[in-house]
Amino acid sequence: NAGVTQTPKFQVLKTGQSMTLQCAQDMNHNSMYWYRQDPGMGLRLIYYSASEGTTDKGEVPNGYNVSRLNKREFSLRLESAAPSQTSVYFCASRALGDPNQPQHFGDGTRLSIL
Amino acid sequence: TQLLEQSPQFLSIQEGENLTVYCNSSSVFSSLQWYRQEPGEGPVLLVTVVTGGEVKKLKRLTFQFGDARKDSSLHITAAQPGDTGLYLCAGAETGGFKTIFGAGTRLFVKA
């Protein structure tokens, strides 16, 4: 089925380790987003890419980096993981830069930092 | 910073009851979206409301956008166990690329 694919689905890291979360969409969407979801706090935007070749900070970018590898792929990197980064991470894509268009989400990556 | 406040945060009701979830802000949004999220999955769009005062219906769900485009409500008639889930409202940033999400309302409908 067409959609947004995130890998891995689960990951446990030790404090200080690094890792990259992968996201790919096959809907030819221009815009892509990374969110984290914590209990009682909804979805908070980490970084976004309005179009291929551009990336911008969201609400909570500290401790993260992103790469828009091509139109399909948008990765999120944790350089030195901290327990505060324990969360569920969602990648989303949108057809145009128009925020009135719906976002399509992946099923998330559940990340635990020990 | 634009914020969206959802209420209630948690709701547990019996099958057949009606309920309303509210989404409020002091900011104006170009549109409001409602998403539903099931455990282990990402949010899925239910509806987008764009015009102030707009009302949209999706079977037993009724969505309304406030006249000033600062708030929205979701009303469910005769709730069913299949309605159980996390309901998120999301406001589209005026003139930008970003969407602001509320903290969500977790709904349990008991049979």
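The values are calculated or read from the model by the stated rules, or taken from the named source; none is laboratory data. Since this is a predicted model, take the numbers as computed values, not measurements. With ideal geometry, Cβ positions are generated from the backbone for all residues, glycine too; neighbour counts draw on all protein chains shown.
The set of residues in region B:1-57 that are more than 14 Å from chain A (Cβ to nearest Cβ), surrounded by 13 or more Cβ atoms within 10 Å (Cβ to Cβ) and not in a strand (DSSP E or B) comprises B:15, B:17. Of B:111, B:68, B:78, all but one fail to be surrounded by fewer than 16 Cβ atoms within 10 Å (Cβ to Cβ), over 24 Å from residue A:89 (Cα atoms), away from chain A (no Cβ under 14 Å) and in contact with a helix residue (DSSP H, G or I) (Cβ under 7 Å, 6 or more places away or on another chain); the exception is B:111.
Which of the residues that make up region B:31-87 are over 13 Å from the mean Cα position of the chain (by Cα) and in contact (Cβ under 8 Å) with a residue 60 or more places away in the chain? B:78, B:79, B:80, B:81, listed by residue number. Each residue in region B:81-108 was checked for being more than 7 Å from every other protein chain (Cβ to nearest Cβ), in a strand (DSSP E or B) and either basic (Lys, Arg) or surrounded by 16 or more Cβ atoms within 10 Å (Cβ to Cβ) (or both), and 10 pass. Might you check whether a residue that is within 14 Å of residue A:94 (Cα to Cα), out of contact with any helix residue (DSSP H, G or I) (no Cβ under 8 Å at 6 or more places or on another chain) and modelled with pLDDT under 90 occurs anywhere in region A:29-50? The answer is yes, given that some residue of region A:29-50 is within 14 Å of residue A:94 (Cα to Cα), out of contact with any helix residue (DSSP H, G or I) (no Cβ under 8 Å at 6 or more places or on another chain) and modelled with pLDDT under 90. Within the bounds of region A:79-93, is there any residue that is surrounded by fewer than 16 Cβ atoms within 10 Å (Cβ to Cβ) and modelled with pLDDT under 95? There is at least one residue in region A:79-93 that is surrounded by fewer than 16 Cβ atoms within 10 Å (Cβ to Cβ) and modelled with pLDDT under 95. Annotation: of all residues in region A:27-48 being more than 9 Å from chain B (Cβ to nearest Cβ) and touching a Ser or Thr at 6+ places or on another chain (Cβ under 8 Å), the one that is surrounded by the most Cβ atoms within 10 Å (Cβ to Cβ) is A:32.
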